[in-house]
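Remarks on the structure that follows.
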Amino acid sequence: MDNVINSGNEPEALTSELSQADIAALGVGAPTQSKKKGKRHLGIIIAAIVFAVLIVALVASFFGARWYYKDKAAPGVHLGNVAVAGQNAGQLKQIVDQQARSSKVVITDGQGKKATANFKDLGVKVDTDKTVQNLLAAKGQGAGRVVPFQKTQVKLAANVTDLPIDTYLTNTFVQDGDKAVPSSIAFDGNSKTFVAHAGHGGRSPEMNGVKKSVNTLLSDPGQVRSVRISYKTIDTPITEETARSAADSANKILANKIVVTNGDTGKFEVPVVQLASWIKPDADLEKGTIKLDIDKSAIAGYMNSEMPKHLDQDMVSQQDIVDGSGNVLVTMTKGVNGVKVKDGNAVADQVYNAMTGSQPATVQAAADITKFDVKQTKSEMRIVVDRSTQTATVYKNDQQVQSFPVCTGKPGHETSLGNYVINVRYTVQTMRGADYVTPNVQWVSYFNGGQGFHGAPWNPTGIGTGDPAGHGSHGCVNMNVSDAKWIFDNCPQGTLVQVVGAQPGGPVR
């Protein structure tokens with residue numbers, strides 16, 4: 001019996017003595033926990049991979065969005081309540097213009113009169129370019145720029161002033177005889193000054209409601225707003241004394257010259273009429289004042305447009321006639337530096353500052369300057385006109401080849417001393433002066449303005465005797481016709497002409 005009992009207890013004792021490794025080998029207990037741990041580890045790895053993929057996708061999406069929206073309106077940007085995300089500058093301009101055109105104010109007075117006004121009617125100047133810039137710059141350039149959940153509203157950039165609104169309301173709702181007219185100033189083209197115009201009292205519409213509607217439309221454009229106005233009886237909103245004072249201030253600005261140079265030889269003065277166009281009287285009817293604004297953007301537009309017309313120069317090579325030693329005898333063509341002006345905005349800033357300070361200004365524009373080169377030519381032909389001997393002697397390469405009798409200019413019209421070159425020639429010409437007209441003058445070779453060689457068949461005595469005092473010309477060198485033709489045929493443009501010698505008091509031959 002004892003053996004049987006012991007034999008029955010052996011499996012339990014044997015089991016209790018087994019190791020954990022033996023149990024794992026038998027497939028009971030510990031093996032189940034190991035499988036669960038393995039599955040958990042695998043799940044964590046998979047989750048980490050998915051998370052990493054999501055992070056990479058989000059980063060790629062962020063930078064892709066940053067690139068896509070770099071020159072477009074960012075997500076969440078609105079013009080008023082119109083979403084403009086993803087629109088480029090050209091598309092934004094169209095949207096801004098459309099919304100501005102669609103903005104209207106319906107005005108009634110409760111007495112049967114009604115009008116619908118747009119921004120232009122009310123003198124509201126919408127700056128489309130500035131509005132587009134504001135839309136593109138909205139939300140900055142940081143990480144939050146491409147977050148679509150952040151809404152940013154941009155309003156129309158515009159200038160709103162009292163006078164145009166009051167003028168529209170008065171002209172629309174008040175009869176001429178009942179109007180209160182503010183004193184004002186205006187530029188007079190004849191006197192080229194600002195003058196004051198006296199106003200007077202009368203009936204005036206209240207404009208505050210209209211102004212409020214305009215400002216609401218700037219924040220939320222494209223809408224139609226309704227407003228009811230009332231009337232009041234007032235003295236002239238702006239006194240004549242105030243207008244005269246404003247005109248005086250404007251004329252002080254006009255009295256100062258504004259000159260722009262190119263840093264070389266070019267310069268121009270801004271016309272008074274142009275200066276006056278940049279002075280914008282801003283009347284505040286509620287305060288009874290006139291403030292003078294200077295239109296800086298208009299100055300910049302003018303400078304960028306006009307500076308190149310007045311100040312740009314093409315480079316011109318200098319042409320010198322030299323002797324055998326290289327000494328310059330005469331400059332046929334004076335050299336001119338090439339100039340290309342730039343940065344009209346910087347010039348506009350200085351002009352604006354001068355005008356706001358009622359100061360004169362000479363402003364040098366930035367410019368790229370190309371220095372002219374010099375080309376030297378030794379004249380093969382040279383003519384020496386000697387007034388003392390009344391001769392014209394021709395040299396070729398410094399060797400005398402001809403000498404002709406001449407008659408030069410009479411007292412008061414002497415042929416000018418100096419070095420010149422033949423520059424203009426005519427086979428025949430009608431010559432005119434203050435007290436003469438001579439047709440059919442032959443073989444004309446000009447060298448100094450209106451002075452030149454030419455045939456003078458009417459003056460054989462002066463040429464024969466060499467008597468400019470008694471038979472002289474108006475400055476030209478009178479010659480026998482055949483001699484003048486020889487000069488014409490043998491002395492081309494560029495021939496050096498040297499006028500020397502004292503003026504004789506009588507015949508020299």
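Structural remarks
- Taken over the range 493-509, the criterion of being modelled with pLDDT of 95 or more and either polar (S, T, N, Q) or in a helix (DSSP H, G or I) (or both) is satisfied by Gln498, Gln503.
- Scanning the range 266-277 for residues that are open to solvent by 60 Å² or more (accessible area, probe 1.4 Å) and of a type in the set (A, V, I, L, M, F, W, C) gives a single hit, Val273.
- Filtered residues of the range 278-299 (kept if open to solvent by 20 Å² or more (accessible area, probe 1.4 Å), part of a helix (DSSP H, G or I) and among the hydrophobic types (A, V, I, L, M, F, W, C)): Ala298
- Number of positions in the range 310-350 that are within 30 Å of Lys396 (Cα to Cα) and either buried (at least 16 other Cβ atoms within 10 Å of the Cβ) or among the small types (Gly, Ala, Ser) (or both): 12
- Exactly one residue out of Ala157, Ala186 is within 32 Å of the chain's Cα centre (by Cα), closer than 30 Å to Ala89 by Cβ and either surrounded by fewer than 20 Cβ atoms within 10 Å (Cβ to Cβ) or hydroxyl-bearing (Ser, Thr, Tyr) (or both), and it is Ala157.
- Residue in the range 73-82 that is at pLDDT below 95 and open to solvent by 70 Å² or more (accessible area, probe 1.4 Å) present: yes
- From the options Ala246, Ala157, residue that is within 30 Å of Val270 (Cβ to Cβ) and either modelled with pLDDT under 90 or in contact with a Ser or Thr (Cβ under 8 Å, 6 or more places away or on another chain) (or both): Ala157
- Candidate set: the range 190-208, residues that are of a type in the set (Gly, Ala, Ser) and at pLDDT 95 or above; chosen: the one farthest from Gln274 (Cα to Cα): Ala198
- Just one of the listed residues (Met307, Met355, Met381) is touching a Cys at 6+ places or on another chain (Cβ under 6 Å), open to solvent by less than 50 Å² (accessible area, probe 1.4 Å) and of a type outside the set (Lys, Arg), and it is Met381.
- When the strands (runs of 3 or more DSSP E) confined to the range 152-242 are screened for residues that are among the small types (Gly, Ala, Ser), those reaching at least 2 such residues are found at 184-188, 202-205.
- Pairs with Cβ under 6 Å, 6+ apart, first in the range 470-484 and closer than 20 Å to Ala434 by Cβ, second open to solvent by 50 Å² or more (accessible area, probe 1.4 Å) and of a type outside the set (D, E, K, R): His471/Thr461; His474/His413; Gly475/His413
- Residue that is surrounded by fewer than 21 Cβ atoms within 10 Å (Cβ to Cβ), aliphatic (A, V, I, L, M) and modelled with pLDDT of 95 or more, where the choices are Val224, Val260, Val181, Val214: Val224
- Subset of the range 322-360 that is polar (S, T, N, Q) and assigned to a strand (DSSP E or B) - its residue that is nearest to Gln376 (Cα to Cα): Thr331
- Qualifying positions in the range 426-443 - touching a Phe, Trp or Tyr at 6+ places or on another chain (Cβ under 9 Å) and more than 20 Å from Cys491 (Cβ to Cβ): Thr438
- When the range 111-154 is filtered for residues that are among the small types (Gly, Ala, Ser), touching a residue at least 24 places away in the same chain (Cβ under 8 Å) and surrounded by fewer than 13 Cβ atoms within 10 Å (Cβ to Cβ), only Ala143 remains.
- Against the list (1) more than 19 Å from Ala346 (Cα to Cα); (2) open to solvent by 20 Å² or more (accessible area, probe 1.4 Å), the condition Ala247 fails is (2).
- Residue count for the range 371-408, restricted to those that are among the aromatic types (Phe, Trp, Tyr) and either under 14 Å from Ile487 (Cβ atoms) or outside any loop (DSSP other than H, G, I, E, B) (or both): 2.
The values are calculated or read from the model by the stated rules, or taken from the named source; none is laboratory data. Computed from a prediction, not measured in an experiment: that's the story for all the values here. Neighbour counts are summed over all protein chains in view; Cβ atoms, including those assigned to glycine, are modelled from backbone coordinates with ideal geometry. What goes into the accessible areas is simple: the full protein's heavy atoms, side chains included, and nothing from ligands, DNA or RNA. Shrake-Rupley method; radii C 1.70, N 1.55, O 1.52, S 1.80 Å.
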